[in-house]
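Accompanying notes for the structure given below.
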Amino acid sequence: MADIAGLKARIVHAAADIDAAAWDACAGTINPFTTHAFINALETSGSATARTGWQPAHIVLETEAGDIEGIMPAYAKSHSQGEYVFDHNWADAYERAGGRYYPKLQCAVPFTPATGPRLLARTPEAARALISTAEGLARANDLSSIHATFLTPEEQVLFREAGWLMRSSEQFHWFNQNYTSFDDFLGQLASAKRKNIRKERARAIEGLDIVHLQGPAITEADWDAFWVFYQDTGMRKWGRPYLTRSFFSTVGETMGDRVLLMLAKRDGQPIAGALNFIGEDCLYGRYWGCTEHVPGLHFELCYYQAIEWAIAHGRPRVEAGAQGAHKLARGYRPVATISAHYIPNAGFSSAIADFVAREARMIDADIEALDMATPFRRGSPPRPQG
């Protein structure tokens, strides 16, 4: 590929072929999902591969001396599954007009709807060069589009400056207002809401033990149990699970200090579990499942336990994944998440621009309305911005 900003660009088809230390020097340590260990686990476990429709095509920028200055984690996609920013209607319209929508280029962490860096760059110049390189790659290969999803605020500025279309989505996050305990958090809620949550928690954990596991404390037997939970949820939601069994063992081995597995046990046997990943400024709830239905247990393991952990460990927020207005009643607040889209075809780009503008207005109005319906009492701290 051509040189840009004095840097040489190349495509690498496996994270394993990129030096882990060089990758992490670009990615930083704040977000667990953009670390080399996480991306490599997705690929080497067979979860994100050409066979599953995620062909790695990472864009790497290097100096003449071979030092890596920037990486864009990217995948050539043959479908639109596992992205959480839905473009199926775009694909249908493009192909009805006679175009070929797939393959497209996806700048993302596969199966992970969590905001984090997508331009792993040492300098702003390298970040801009990654965007330019991706655009050139799309034009040279006649790709229909590039999609960079769940962008940080800083990256949104760069993609907007480059002329990409910006699209809004909606999630629910919990914000830590310097709470000292779960009861301190409950004190910010309306009285009826506090009572409902206390009752819900008491019913959910009756007769159960809740354990938190990290690092070497997570055994292969624990992963076996969680794999059963994950498969049940995955098959009900997506038709088949995205992740393989070996993925969980791999992340447990290579980044166990950033993995938090919560299990609910009855008489010593796991009946439900929630898997979280630990960021420096956030606890990310990712997967849940159970083999025994217990009313409220999903809310206990995925939301309340996560809040308690975040308070105890000083994390500013909890992100509990995509969608889920039921999180609102449990103290999670609506926020916008942003993606960027590059569409070389001018006519199609114009049509999509109109769509995303109308969609953004609807999402902004929805977030405003939902934020008025939170369980917080009047006078409680407002939702943090940004």
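The values are calculated or read from the model by the stated rules, or taken from the named source; none is laboratory data. Fair warning: this is a prediction, and the values are worked out from it, not measured in the lab. Here the Cβ positions follow ideal geometry from the backbone for every residue, glycine too, while neighbour counts run over all protein chains shown. Only protein heavy atoms, including side chains, enter the accessible area calculation; ligands, DNA and RNA are left aside. Shrake-Rupley method; radii C 1.70, N 1.55, O 1.52, S 1.80 Å.
Remark: pairs (first residue in the range 54-69, outside any loop (DSSP other than H, G, I, E, B); second residue at pLDDT below 95; Cβ separation under 7 Å; 6+ apart in sequence or on different chains) = Leu61/Leu7; Glu62/Leu7; Glu69/Leu7. Comparison of Tyr304, Tyr284, Tyr342 shows that the only residue that is over 27 Å from Leu189 (Cα atoms), touching a Phe, Trp or Tyr at 6+ places or on another chain (Cβ under 8 Å) and among the aromatic types (Phe, Trp, Tyr) is Tyr342.
For the range 229-259, give me each residue that is β-branched (Val, Ile, Thr), closer than 18 Å to Cys302 by Cβ and at pLDDT 95 or above. If the condition is that a residue be β-branched (Val, Ile, Thr), closer than 18 Å to Cys302 by Cβ and at pLDDT 95 or above, then Val259 is the only one that fits.
Which one is nearest to Ser47 (Cα to Cα) among residues in the range 250-267 that are touching a residue at least 40 places away in the same chain (Cβ under 8 Å) and open to solvent by 30 Å² or more (accessible area, probe 1.4 Å)? Out of the qualifying residues, it is Thr250.
Within the range 287-296, not a single residue is among the charged types (D, E, K, R), in a strand (DSSP E or B) and in contact with a strand residue (DSSP E or B) (Cβ under 6 Å, 6 or more places away or on another chain).
Residue check: Thr29 meets all listed conditions (1) among the hydroxyl-bearing types (Ser, Thr, Tyr); (2) in a loop (DSSP other than H, G, I, E, B); (3) out of contact with any Lys or Arg (no Cβ under 9 Å at 6 or more places or on another chain); (4) at pLDDT 95 or above but one, namely (4).
Is it true that some residue in the range 3-11 is within 21 Å of the chain's Cα centre (by Cα), surrounded by fewer than 18 Cβ atoms within 10 Å (Cβ to Cβ) and assigned to a loop (DSSP other than H, G, I, E, B)? No, that holds for no residue. Based on what the data block shows, is Arg167 of a type in the set (Lys, Arg), closer than 29 Å to Glu83 by Cβ and open to solvent by less than 30 Å² (accessible area, probe 1.4 Å)? Taking the combined requirement at face value, the residue satisfies it.
The single residue among Ala272, Ala306 that is crowded, with 22+ Cβ neighbours inside 10 Å and out of contact with any helix residue (DSSP H, G or I) (no Cβ under 8 Å at 6 or more places or on another chain) turns out to be Ala306.
Residues of the range 316-328 include none that is more than 14 Å from Ala114 (Cβ to Cβ), small (Gly, Ala, Ser) and crowded, with 17+ Cβ neighbours inside 10 Å. The criterion of being more than 20 Å from the chain's Cα centre (by Cα) and open to solvent by less than 10 Å² (accessible area, probe 1.4 Å) does not hold for Leu283.
Matching residues to (1) within 18 Å of Trp164 (Cβ to Cβ); (2) at pLDDT 95 or above:
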site	(1), (2)
Pro344	yes, yes
Ser349	yes, yes
Arg361	no, yes
Asp364	no, yes
Asp371	no, no
Arg377	no, no
Ser380	no, no
Arg383	no, no
Gly386	no, no
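Could you tell me whether the range 336-344 includes any residue that is over 21 Å from Gln177 (Cα atoms), buried (at least 17 other Cβ atoms within 10 Å of the Cβ) and among the small types (Gly, Ala, Ser)? So far as the range 336-344 goes, yes, one or more of its residues are over 21 Å from Gln177 (Cα atoms), buried (at least 17 other Cβ atoms within 10 Å of the Cβ) and among the small types (Gly, Ala, Ser). Restricting attention to the range 93-119, the residues that are in contact with an Asp or Glu (Cβ under 9 Å, 6 or more places away or on another chain) and either assigned to a strand (DSSP E or B) or open to solvent by less than 10 Å² (accessible area, probe 1.4 Å) (or both) add up to 9. Hey, which of the strands (runs of 3 or more DSSP E) in the range 127-237, taking only ones fully inside, have at least 2 residues that are closer than 30 Å to Ala93 by Cα and touching a residue at least 24 places away in the same chain (Cβ under 8 Å)? It comes to 146-148, 165-175. Annotation: Ala41 fulfils all but one of (1) out of contact with any Phe, Trp or Tyr (no Cβ under 8 Å at 6 or more places or on another chain); (2) surrounded by 14 or more Cβ atoms within 10 Å (Cβ to Cβ); (3) in contact (Cβ under 8 Å) with a residue 24 or more places away in the chain; the unmet one is (1).
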